[in-house]
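K.L.:
Can you keep this structure in mind? I'll have questions shortly.
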Amino acid sequence: MTAFDRETHDAFVVIAEFEVAAENLDAFLTAAHEDARCSVNNEAGCLQFDINLVQDKRVPHVVFYEVYRSSEDFDAHLATPHLATFRESLSLVERELPVRFLTRQPL
């Protein structure tokens, strides 16, 4: 099978959340978008990587919604150079919430 069929296959979902001071938000989002682009473009196992900004928080709250074919594909993501580069931007984060891992159910 060459394409991932969400109707018949589950997927490994990662939700990562960060609180970022307003003055650091642009720099953090720039780093996040680069990580997301590299993940989707260079990792066959990364199916989706969305960056979301929660609007109703005093401190900007950024939520990553990442979808991988499997937990092994996510493990491979953790070893990529672009993630190592992104991790340098974590100095801009006021608080990182615990990462949540989900299994997306087929339709």
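K.L.:
For a quick check of your reading of the model, give me the residue pairs whose first member lies in region 45-63 and is within 17 Å of Ala22 (Cβ to Cβ), whose second is in a loop (DSSP other than H, G, I, E, B), with beta-carbon atoms closer than 7 Å and at least 6 apart or on different chains.
P.N.:
Note: pairs meeting the criteria are Leu53/Pro60; Val59/Ala21.
K.L.:
Go through region 64-107 and report how many residues are among the charged types (D, E, K, R), assigned to a helix (DSSP H, G or I) and touching a residue at least 60 places away in the same chain (Cβ under 8 Å).
P.N.:
1
K.L.:
Follow-up. Restricted to region 8-29, and to residues that are in a helix (DSSP H, G or I) and touching a residue at least 24 places away in the same chain (Cβ under 8 Å), which residue is farthest from Leu90 (Cα to Cα)?
P.N.:
Result: Ala22.
K.L.:
Next question, about the same structure. Specify which of the listed residues (Leu47, Leu83) is under 22 Å from Asp26 (Cα atoms) and either surrounded by 12 or more Cβ atoms within 10 Å (Cβ to Cβ) or of a type outside the set (A, V, I, L, M) (or both).
P.N.:
Details: Leu47 fails: under 22 Å from Asp26 (Cα atoms).
Just one listed residue meets the conditions, Leu83.
K.L.:
Related question: Out of curiosity, is Phe4 modelled with pLDDT under 95, open to solvent by less than 80 Å² (accessible area, probe 1.4 Å) and out of contact with any helix residue (DSSP H, G or I) (no Cβ under 6 Å at 6 or more places or on another chain)?
P.N.:
Yes; evaluated as a whole, the condition is true for this residue.
K.L.:
With the requirement that a residue be out of contact with any strand residue (DSSP E or B) (no Cβ under 9 Å at 6 or more places or on another chain) and of a type in the set (Val, Ile, Thr), what does region 19-35 give you?
P.N.:
Thr30 - this is the single residue of region 19-35 that is out of contact with any strand residue (DSSP E or B) (no Cβ under 9 Å at 6 or more places or on another chain) and of a type in the set (Val, Ile, Thr).
The values are calculated or read from the model by the stated rules, or taken from the named source; none is laboratory data. Remember, it's a predicted structure, so these values are computed and weren't measured experimentally. Positions of Cβ are backbone-derived with ideal geometry, glycine not excepted, and every protein chain shown enters the neighbour counts. Note: accessible area is taken over every heavy atom of the protein model, side chains too, but ligands, DNA and RNA are not part of it. Shrake-Rupley method; radii C 1.70, N 1.55, O 1.52, S 1.80 Å.
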